[in-house]
Every structure is written in structure tokens, then in C-alpha cells.
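Everything below concerns the one structure shown next.
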Amino acid sequence: MNGGRIFVACVGVCALLATAHAAAVYPIDDSDGFGRKFDGIGGISGGGATSKLLVNYPQPYRDQVLDFLFKPNFGASLQILKVEIGGDACSTDGSEASHMHNSWEENYQRGYEWWLMLEAKKRNPNIKLYGLPWAYPGWVGGPTRDNPWTDPERPVNYVLNWIRGAKTVYNLTIDYVGIWNERMYSIPYIKLLRRVLDKTGFSNVKIVGADKKWEIADDILQDEELGAAVENIGCHYPGTFSDTSAMKTGKQLWASEDYSTFNDNVGGGCWGRILNMNYVNGNMTATISWNAIASYYNPLPWFRTGLMTAVEPWSGNYAVESPIWITAHTTQFTEIGWTYLRHGAGVGNFTGGGSYVALISPNGKNLTIIIETLSHDHSICVRPPLEPYNVSTQRVTFQLKGSFISITSLRVWYSRLFNGAINDTGTMFERQQTLQVVNGMVQLDVAVDEVYTLTTVKGGKKGSYPRPPASQPFPNTYSDDFEGYTEHMEPYNLAQQTGSYEIIDVGPPHNKVVRQMVLSQPVHWCKAEGNTNRSISVIGNYNWTDVTVQIDARVGAVNGSSGYFVAARVDRGGGSSDKAEGIFLYIFPKTSTYLVSADFEHKHGITKGELPSSSSDWSNVVLTVRGENASGTYNNQKLFNVSIPATPNMGFVAIGTDSWGIVDYDNLMIKAEAVAHQRQKDNTLYFKPQK
């Protein structure tokens with residue numbers, strides 16, 4: 001028992017009449033067949049750059065976070081990992097590197113999704129891997145660089161190479177691949193992709209269409225070849241309902257992106273409700289959370305909308321949030337390939353509100369029932385709107401029939417998301433007293449905002465580690481010479497928002513540097529990004545006010561950008577980077593000029609002038625912002641000392657390019673002299689990558 005919860009074995013129908021809360025009997029019965037096959041519960045890394053800060057977490061904390069996500073019978077025990085096929089363009093919280101920046105080259109050392117897939121597979125060899133493009137490099141989009149479908153062979157070869165690279169370089173088998181996240185799909189492309197995958201030895205890779213809503217169902221019903229090419233229909237944020245056309249196809253239906261809700265206990269309630277109701281209402285057999293791990297700077301878009309939070313690699317602090325344990329109620333007691341029971345015989349709604357789903361193992365030896373009684377106000381997802389409904393305390397009675405009649409007891413796991421106050425941590429995933437089954441019937445009292453698992457499975461564990469280190473702000477003194485990285489890695493802590501920044505060894509004296517790699521406009525995903533032709537990467541503490549940033553930089557001799565910048569008080573990133581304000585010092589070596597601007601797009605100039613002459617292609621640039629004043633130097637010579645706007649009065653440090661093209665950076669140094677809204681210790685970090 002826990003907190004007064006009472007579990008009652010029921011003997012005969014008379015016991016049902018002994019309480020004013022008596023309710024209908026809910027059969028659990030496989031006598032007349034089964035429902036749909038269960039395809040798993042998963043999480044998304046991407047869409048984009050949502051795992052950015054996890055990569056360089058210090059050990060042992062990085063492994064602990066990964067265990068909470070992927071280790072079976074420990075935490076969320078995720079059964080599907082969906083990753084972004086990087087396209088060099090912003091896809092929400094940043095941009096992810098492409099394996100083919102240009103049509104003439106391939107590189108499978110870029111980005112961190114390979115690493116994450118390997119870590120997931122290391123913990124759970126049975127986890128399913130799913131790749132999906134959010135953006136594409138510009139060359140895939142053809143002459144207009146905005147439509148990947150003008151020549152289907154280009155995106156087919158691009159995606160095929162990614163799948164092949166996963167296999168040949170990392171021995172990773174990709175199980176599913178999507179089309180283009182939440183954008184128009186191309187029927188000729190889908191058909192060609194299926195034919196090419198089959199011909200090149202990847203017939204095992206299944207196509208999910210189309211990671212938007214249910215629109216593709218109507219096309220599938222009218223096109224036999226398309227229907228044969230698409231394995232599953234994936235819908236984003238379905239609100240727990242599918243549609244008639246999708247059901248008519250006979251395809252497995254997925255909520256291929258869902259949740260995206262702040263991961264407090266209301267977020268946990270959202271997740272718990274849709275995990276059940278996606279099947280109860282919509283016959284969806286997989287639900288995948290955006291995102292799996294909230295590991296990106298605050299306040300980039302959709303902060304803390306992951307199953308857990310890990311945003312401080314400099315301290316090692318992380319937080320295991322309620323959605324981890326709500327996930328465990330399903331994933332620790334089922335596996336992909338289990339089968340739902342039929343609606344009305346193991347799947348349905350309670351008369352007092354809430355829902356239940358029952359699943360059976362392939363060998364018929366194990367049964368799992370997941371119950372949720374989550375109230376409207378404590379289970380609201382960020383989208384779509386949730387219609388009002390009521391849930392009340394009730395007595396639930398299950399009658400086990402068919403092959404389940406021989407079950408004599410069920411193990412019980414229990415969560416209550418709210419014990420009172422809205423900020424209460426609740427009770428998460430606790431083992432309860434085993435529930436006895438008498439004469440095929442089992443009964444329990446359930447209150448509002450609870451989740452139960454009743455199961456014959458002997459597993460189940462609430463994994464734990466010692467408390468991680470205390471939270472600390474980003475160090476106010478920071479430096480990185482980029483020498484400790486493997487070539488082609490993305491530099492840690494620099495969070496690219498547009499473009500792609502990669503470690504390149506250029507030889508003495510600078511050796512390893514950071515290079516912006518994108519040469520032309522990608523096929524963008526974020527709408528705002530289509531309005532800009534420059535790149536930006538942010539770092540640090542959004543609360544920084546007075547700060548000095550110093551860096552060495554040079555424009556590429558071939559395919560070089562028109563210039564580059566350093567910036568402070570940058571007030572936004574993600575898909576709205578084009579609207580970022582702050583203090584930007586632009587350097588234009590080709591014209592020997594500079595510009596100080598109050599915005600990323602340099603539409604609001606503060607001052608400008610000529611650069612001192614330089615005999616080196618490398619230059620040292622320093623920007624200092626204090627109060628309502630900014631100053632800058634170029635190769636130790638003063639450029640300006642000017643008044644600046646009062647707002648924004650805090651934000652990130654950033655580097656970037658004035659146009660697409662190569663710029664190299666080295667020897668980044670930051671000194672924050674004042675921080676808004678918090679007291680910060682005088683801590684210094686000379687950054688060395690985590691091995």
C-alpha cells in the first residue's frame with residue numbers, strides 16, 4: 001500500500017455492490033482475438049540539436065543520463081530512438097551537421113547522432129532506429145535550393161548514403177526512415193526510395209510516411225505502389241485521434257512525434273495520458289516523444305520539453321523528470337512485438353474517467369495492463385487543445401477471461417503525479433503490494449491523477465544513482481583552443497543555430513580550428529531561416545550582461561564568407577535567429593571595413609569604419625560590452641568605443657559568418673564581468689573535451 005491506496009481482491013459479484021463507488025466490470029479477454037501489434041515507445045534526438053549539451057557531459061554523469069533513457073529495466077527504457085538526418089540548417093534549437101555538406105563529399109564523423117545511436121544500442125541491442133530529415137543541404141534542393149523533390153534521385157542518394165554510412169562505419173542498422181519532417185512529401189520520391197533501398201540491400205529499412213498529419217493515407221488508398229512502399233503512417237501531434245482514411249489503409253499508425261510539453265508533472269500527465277489514449281482513441285501503436293532529452297541552452301525554444309533534462313556539462317548536474325517514470329510504466333513491462341487486446345476486451349475508457357490498455361506477450365505467457373486517471377488540468381499537452389473532461393475516484397474491477405483465467409496475481413507499480421500542490425513532486429514509479437486474483441477478478445480503488453501498471457512480468461526497477469552535482473551557471477571565465485578534439489567533431493558548448501561548425505586541422509601555427517562549413521543556403525526547415533544567408537553559433541549564459549569575448553579568425557581563401565562577427569547579449573537563437581538582437585561586431589576583411597550592429601541581420605548599425613592594415617590572414621578580434629557602452633579592438637588596435645542601446649541588456653556570446661562560406665576560428669576566450677538576476681561564483685573553465 002502507499003498513501004492510503006487500497007487493493008481489494010474481489011470474490012463474487014456481491015463484492016461489487018459493497019461500495020458507493022461501484023463501477024462496471026472491465027473484461028480482459030483474448031478469446032475473440034487481439035488488437036494491433038505494439039510497435040514501441042520512443043524519443044527523438046533532433047529537430048533540432050536537442051542533444052547538443054549531452055555529448056560532453058563528464059563521466060560518470062553522461063553514462064547515468066544515457067542509462068535513464070535507454071537501459072532496459074532501469075528508467076524510461078526507450079524502445080525507439082528517432083534521430084535527425086542533419087541538414088546544416090536550423091530545425092528548432094539549432095542546426096545539425098550533414099554527412100554531405102556538398103554533393104562531392106561524404107563524412108560520417110560529423111555530428112553526435114551516430115554517437116547517441118551507438119550508446120542506445122550498447123544499452124539495448126533491440127532498440128529500433130529511425131532517421132528523418134528536417135532540412136537538406138542546398139545542393140539537394142536543386143537550382144532553387146528550396147525543394148528537394150525537383151530531382152528525386154538527389155534526395156534518394158543522399159538518404160541512402162546516410163543509411164549505408166550508418167551500417168558500414170558504425171555497424172548500425174537503420175530500421176525506419178521518414179520523408180521530410182512536417183513538410184510536403186513527394187510520391188515519386190517515396191516510390192524511388194523504396195526501389196533503391198530494395199536493390200541496394202536495405203530492404204529491411206521501412207518507410208514511415210509522412211511525419212506530418214494523416215494526409216498521405218488518401219494517396220495510399222488510391223495508389224497501390226505507394227501503399228506497398230510505405231510501411232507505417234506517422235502523424236505528428238494527433239491529439240490521440242487518427243482518421244477514417246488512415247484506418248482504411250490497414251497500416252500501423254504511429255504518433256511519430258508527440259508530447260513537446262514542459263517536463264514538470266503536468267507534462268508527465270500529458271505523456272501518461274497520450275501513451276494510453278493514442279491507442280484507445282486512435283489505434284496508434286507507437287508514440288515518440290519530442291524530445292528524448294532536453295539538452296540545449298535555456299532559453300532556446302521549447303526549453304525543458306524532453307523526457308528529462310541535462311543542460312550543464314560544465315557542472316554534471318541533470319534532472320530525472322516525471323516523464324521518465326511515466327514511460328517506464330509501459331516500456332519496462334512490454335516489448336516491441338507484444339499485442340494489444342481488443343477494444344472492449346482489454347482496451348477502453350473507465351466510466352469515471354481515465355483509460356486502460358492491456359497487452360500480451362507473443363508467447364501468451366505475460367499480461368500487462370496500464371491504467372491512467374489523469375485529470376484534464378494536470379495532463380494538458382502544449383498541442384493540440386484538450387477538450388474538457390472529468391475524472392473521479394472510482395473502484396475498478398477487471399475480469400480475466402480466456403487464456404488469462406489461470407493468472408493468480410498481478411504485480412503492481414504505481415505513480416501519483418499530484419499529492420496536493422501544483423509543484424509537488426508526487427509519487428513516482430513505486431512497487432506496491434502484489435494484487436491477488438480471485439475467481440478471475442481483481443479490483444482496486446483508483447484516485448485522480450494516478451498511473452498503474454498491473455503485470456505478470458517479474459522485471460521492473462526504479463533505477464537510481466547518487467545525486468548528481470549541484471547546478472552551477474556557465475563559467476564566467478572560459479577558453480578553448482580546440483586542440484583536444486578529433487577532427488570533424490562539432491566543438492562542445494558552441495551551439496550552432498544556423499550553419500555547421502566543425503573541427504579542422506589547418507596545420508601550424510593554429511593547428512585545430514573551428515570552421516564554418518556551409519557554402520550555400522540549405523533547404524531550410526525553420527521558416528525564419530529562409531530570410532537569412534548567414535550563420536550563428538551561441539555559447540554561454542543567457543544572463544550575461546557585461547562581457548568580453550576574444551577570438552582569432554580568418555576568412556577562407558577559397559569559398560570564403562564575406563565576413564564574420566563576434567557578438568554579446570544575443571537574445572535569441574533557434575528558428576528566430578534572424579531576429580536576434582544584441583551587439584554584433586562584423587569584420588569584412590575583403591573590404592577592410594567593420595560594422596557594429598544592434599542585430600544579427602545588421603539592419604540597425606551603431607558605428608562603422610575602416611580596419612587597420614594587417615600582414616596576416618589571421619586576425620585577433622576583441623569585443624567588450626559594459627553597461628550602455630561597447631568597445632572593440634582588431635589586432636590590438638582600437639576600433640571603436642560607442643554608446644549602445646539599453647536593450648537587450650543580457651544574452652549569449654556568439655560567433656558567426658556574414659554570408660555562407662568558410663571562416664576559421666581559434667582561441668576563443670570569454671570573460672563575463674556581470675551577470676543579471678543571479679550571483680555567480682568566480683569560476684574559470686579551460687575547456688578540454690570529454691574522452
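The values are calculated or read from the model by the stated rules, or taken from the named source; none is laboratory data. None of these values were measured; they are calculated from a predicted model. Glycine gets a Cβ as well: all are built from the backbone with ideal geometry, and neighbour counts include every protein chain shown.
Within segment 533-545, identify whether any single residue is at pLDDT below 95 and not basic (Lys, Arg), and answer yes or no.
Yes, there is a match, as at least one residue in segment 533-545 is at pLDDT below 95 and not basic (Lys, Arg).
Checking the conditions here, which among Arg154, Arg194 is touching a strand residue (DSSP E or B) at 6+ places or on another chain (Cβ under 7 Å), of a type in the set (Lys, Arg) and either part of a loop (DSSP other than H, G, I, E, B) or not assigned by TED's automatic domain parsing to the domain that holds Glu529 (or both)?
Going through Arg154, Arg194 in turn, the sole match is Arg194.
Residue check, Trp149 against (1) under 25 Å from the mean Cα position of the chain (by Cα); (2) over 30 Å from Gln79 (Cα atoms); (3) assigned to a loop (DSSP other than H, G, I, E, B), all met but one. Which one?
Checking Trp149 against (1) under 25 Å from the mean Cα position of the chain (by Cα); (2) over 30 Å from Gln79 (Cα atoms); (3) assigned to a loop (DSSP other than H, G, I, E, B), the one that fails is (1).
Conditions (1) surrounded by fewer than 23 Cβ atoms within 10 Å (Cβ to Cβ); (2) touching a helix residue (DSSP H, G or I) at 6+ places or on another chain (Cβ under 8 Å), marked per residue:
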{"site": "Ala495", "(1), (2)": "no, yes"}
{"site": "Ser500", "(1), (2)": "no, no"}
{"site": "Gly507", "(1), (2)": "yes, no"}
{"site": "Lys512", "(1), (2)": "yes, no"}
{"site": "His524", "(1), (2)": "no, yes"}
{"site": "Lys527", "(1), (2)": "yes, yes"}
{"site": "Thr532", "(1), (2)": "yes, yes"}
{"site": "Ile536", "(1), (2)": "no, yes"}
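A quick yes/no check of all residues on (1) out of contact with any His (no Cβ under 9 Å at 6 or more places or on another chain); (2) among the aromatic types (Phe, Trp, Tyr); (3) surrounded by 23 or more Cβ atoms within 10 Å (Cβ to Cβ):
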position: Pro188; (1), (2), (3): yes, no, no
position: Ala210; (1), (2), (3): yes, no, yes
position: Asp219; (1), (2), (3): yes, no, no
position: Gly227; (1), (2), (3): yes, no, no
position: Asp258; (1), (2), (3): no, no, yes
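Looking only at segment 544-567, count how many residues are hydrophobic (A, V, I, L, M, F, W, C) and closer than 20 Å to Ser95 by Cα.
3
Check segment 189-203 and report whether any residue there is closer than 26 Å to Gly35 by Cα and in contact with a Leu (Cβ under 7 Å, 6 or more places away or on another chain).
Scanning segment 189-203, I find no residue that is closer than 26 Å to Gly35 by Cα and in contact with a Leu (Cβ under 7 Å, 6 or more places away or on another chain), so the answer is no.
If I go through segment 455-464 residue by residue, how many of them are assigned to a loop (DSSP other than H, G, I, E, B) and either surrounded by 24 or more Cβ atoms within 10 Å (Cβ to Cβ) or among the hydroxyl-bearing types (Ser, Thr, Tyr) (or both)?
2
Does Asn161 meet the test of being over 26 Å from Gly40 (Cβ atoms), out of contact with any helix residue (DSSP H, G or I) (no Cβ under 9 Å at 6 or more places or on another chain), modelled with pLDDT of 95 or more and outside the structural domain of Lys527 (by TED's automatic domain parsing)?
yes
Being assigned to a loop (DSSP other than H, G, I, E, B), touching a Lys or Arg at 6+ places or on another chain (Cβ under 9 Å) and under 16 Å from Gly354 (Cβ atoms) is the requirement here; does Ser379 meet it?
Here the answer is yes, as Ser379 does meet what is asked.
Conditions tested, residue by residue: (1) free of Cβ contacts under 8 Å to residues at least 60 places away in the same chain; (2) over 17 Å from Val625 (Cβ atoms); (3) among the polar types (S, T, N, Q); (4) out of contact with any Asp or Glu (no Cβ under 9 Å at 6 or more places or on another chain).
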| site | (1), (2), (3), (4) |
| --- | --- |
| Gly563 | no, yes, no, no |
| Val566 | no, no, no, yes |
| Asp571 | no, no, no, no |
| Gly574 | no, yes, no, no |
| Lys579 | yes, yes, no, no |
| Gly582 | no, no, no, no |
| Pro589 | yes, yes, no, no |
| Thr593 | yes, yes, yes, no |
| Asp599 | yes, no, no, no |
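Taking the condition of being among the polar types (S, T, N, Q) and within 18 Å of Val280 (Cβ to Cβ), how many residues in segment 206-251 meet it?
Here the count works out to 3.
Does Pro148 fit the bill of being touching a Lys or Arg at 6+ places or on another chain (Cβ under 8 Å) and crowded, with 24+ Cβ neighbours inside 10 Å?
For Pro148, the condition - touching a Lys or Arg at 6+ places or on another chain (Cβ under 8 Å) and crowded, with 24+ Cβ neighbours inside 10 Å - is met.
If you check Asp88, Asp151, which single one turns out to be within 30 Å of Asp578 (Cβ to Cβ), charged (D, E, K, R) and touching a residue at least 40 places away in the same chain (Cβ under 8 Å)?
After ruling out the rest, the residue left standing is Asp88.
Condition check ((1) within 30 Å of His524 (Cα to Cα); (2) assigned to a loop (DSSP other than H, G, I, E, B); (3) at pLDDT 95 or above) across all residues:
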residue	(1), (2), (3)
Gly4	no, yes, no
Gly35	no, yes, yes
Asp93	yes, yes, yes
Glu105	yes, yes, yes
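Exactly one condition in (1) farther than 23 Å from Ile80 by Cβ; (2) out of contact with any Gly (no Cβ under 7 Å at 6 or more places or on another chain); (3) among the basic types (Lys, Arg) is false for Arg145; which is it?
With (1) farther than 23 Å from Ile80 by Cβ; (2) out of contact with any Gly (no Cβ under 7 Å at 6 or more places or on another chain); (3) among the basic types (Lys, Arg) applied to Arg145, the lone miss is (2).
Out of all the residues in segment 375-385, is one or more closer than 24 Å to Phe70 by Cβ, of a type in the set (Asp, Glu), out of contact with any Leu (no Cβ under 9 Å at 6 or more places or on another chain) and surrounded by fewer than 22 Cβ atoms within 10 Å (Cβ to Cβ)?
No: zero hits.
Exactly one condition in (1) more than 22 Å from Lys248 (Cβ to Cβ); (2) touching an Asp or Glu at 6+ places or on another chain (Cβ under 6 Å) is not met by Lys191; state its number.
The one condition Lys191 does not meet is (1).
Table: residues versus (1) of a type outside the set (S, T, N, Q); (2) in contact (Cβ under 8 Å) with a residue 60 or more places away in the chain; (3) crowded, with 19+ Cβ neighbours inside 10 Å.
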position	(1), (2), (3)
Leu66	yes, no, yes
Asn73	no, yes, no
Val83	yes, no, yes
Gly94	yes, yes, yes
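Name the pairs whose Cβ atoms lie under 6 Å apart, with the first residue in segment 201-216 and at pLDDT 95 or above and assigned to a loop (DSSP other than H, G, I, E, B), the second small (Gly, Ala, Ser) and surrounded by 16 or more Cβ atoms within 10 Å (Cβ to Cβ), and 6 or more positions between them or separate chains?
Trp214/Ala246
How many of the residues making up segment 631-672 are among the hydrophobic types (A, V, I, L, M, F, W, C), under 21 Å from Phe588 (Cβ atoms) and outside any loop (DSSP other than H, G, I, E, B)?
Summing the residues that are among the hydrophobic types (A, V, I, L, M, F, W, C), under 21 Å from Phe588 (Cβ atoms) and outside any loop (DSSP other than H, G, I, E, B) in segment 631-672 gives 9.
Thr408: in contact (Cβ under 8 Å) with a residue 12 or more places away in the chain, more than 35 Å from the chain's Cα centre (by Cα) and surrounded by 18 or more Cβ atoms within 10 Å (Cβ to Cβ), yes or no?
no
Which of the following residues is assigned to a strand (DSSP E or B) and within 29 Å of Val140 (Cβ to Cβ): Glu502, Glu490?
Checking each option against the conditions leaves just Glu502.
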